[in-house]
1. From Asp55, Asp75, which residue is in a helix (DSSP H, G or I), of a type outside the set (A, V, I, L, M) and modelled with pLDDT under 95?
2. Going by the structure shown, is Leu180 surrounded by 21 or more Cβ atoms within 10 Å (Cβ to Cβ) and outside any strand (DSSP E or B)?
3. Could you list, in sequence order, the residues of region 189-203 that are buried (at least 20 other Cβ atoms within 10 Å of the Cβ) and closer than 15 Å to Arg138 by Cα?
4. Just checking, does region 29-39 include any residue being in a loop (DSSP other than H, G, I, E, B), touching a residue at least 24 places away in the same chain (Cβ under 8 Å) and in contact with a strand residue (DSSP E or B) (Cβ under 8 Å, 6 or more places away or on another chain)?
5. Scan region 59-78 and tell me whether some residue there is buried (at least 18 other Cβ atoms within 10 Å of the Cβ), among the acidic types (Asp, Glu) and either within 16 Å of the chain's Cα centre (by Cα) or under 19 Å from Ser144 (Cα atoms) (or both).
6. Given Asp234, Asp211, which one is surrounded by fewer than 17 Cβ atoms within 10 Å (Cβ to Cβ) and acidic (Asp, Glu)?
7. How many residues does region 125-139 hold that are more than 20 Å from Val52 (Cβ to Cβ) and either surrounded by fewer than 16 Cβ atoms within 10 Å (Cβ to Cβ) or without any contact (Cβ under 8 Å) to a residue 40 or more places away in the chain (or both)?
8. Suppose we keep only residues that are outside any strand (DSSP E or B) and touching a helix residue (DSSP H, G or I) at 6+ places or on another chain (Cβ under 6 Å) within region 112-130. Which one would you say is nearest to Ala158 (Cα to Cα)?
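The values are calculated or read from the model by the stated rules, or taken from the named source; none is laboratory data. Note that the coordinates shown come from a computational prediction; the quantities given were computed from them, not determined experimentally. Backbone-built Cβ (ideal geometry, glycine too); neighbour counts: all protein chains shown.
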Amino acid sequence: MTLEIIPALDLRGGRVVRLRQGDYAQETAYPLDALAQAQAYRDAGARHLHVVDLDGAREGRFGNLAVIEALARLDLAVQAGGGVRSEDDLKRLFDAGVARVVLGSVAIRQWPRVIDWLERFGAARLVIALDTLQRDGRWTLVSSGWTEAAAATLDELAPRYAQAGTRHLLCTDIGRDGMLSGPNLELYAHLARIAPGLAVQASGGVRDGADVKALQGKAAAVILGRSLLEGRLDLAAALQC
């Protein structure tokens, strides 16, 4: 299985930023233009781009839709999320040119509704995001921009979505997000056991080419954020890995 490399841009107030462990109070803003950065990723060989509307994720309504629309006009397949709470939100992103919509909070809180969307819109066009944090030996789930803990666990929802025909599952170990501490290989091995057959997108902690290589065979794709933005990992080199 070839590991797909997906560079990421997190947006807040139209700016490119990164959060530490999903904490809005621990934001790093980068003096980058989102469009120019996406074009640089495209020129380096990227075919996909992962975009997160952080304002939308926390507030439940889009805060960076105009930027997402502009990014979707580039020669990249954009997968975007943050703030999708209704079918109208879903359609707005598709109308904006987004190739795949990432569903996070709604996928955790309203899974029967999302399973219906999978059937109606097609599993290839939706990414289920189950972002998780290990507490007391359990992989707990969080929503609303990682500000609220959910009652359901990863072990409950991941198999449910796999059985419903989900194709793409994005799973971030929140404890490693933005920390450059290496990916949680045990988490992705666990996912393969409890929900086999999913194209898992690994996220959180990737530092360098060795981390990318370590995920080969353990995930279908890897999301790269801070390591690329800070020049710790060269995208062209990562694609060669």
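1. Only one candidate qualifies: Asp55.
2. So Leu180 does not fit the description; no.
3. Across region 189-203, the qualifying residue is only Leu191.
4. Checking region 29-39: at least one residue is in a loop (DSSP other than H, G, I, E, B), touching a residue at least 24 places away in the same chain (Cβ under 8 Å) and in contact with a strand residue (DSSP E or B) (Cβ under 8 Å, 6 or more places away or on another chain).
5. No, the conditions are met nowhere in region 59-78.
6. Answer to the check: Asp234.
7. The number of residues fulfilling the criteria is 5.
8. Leu130
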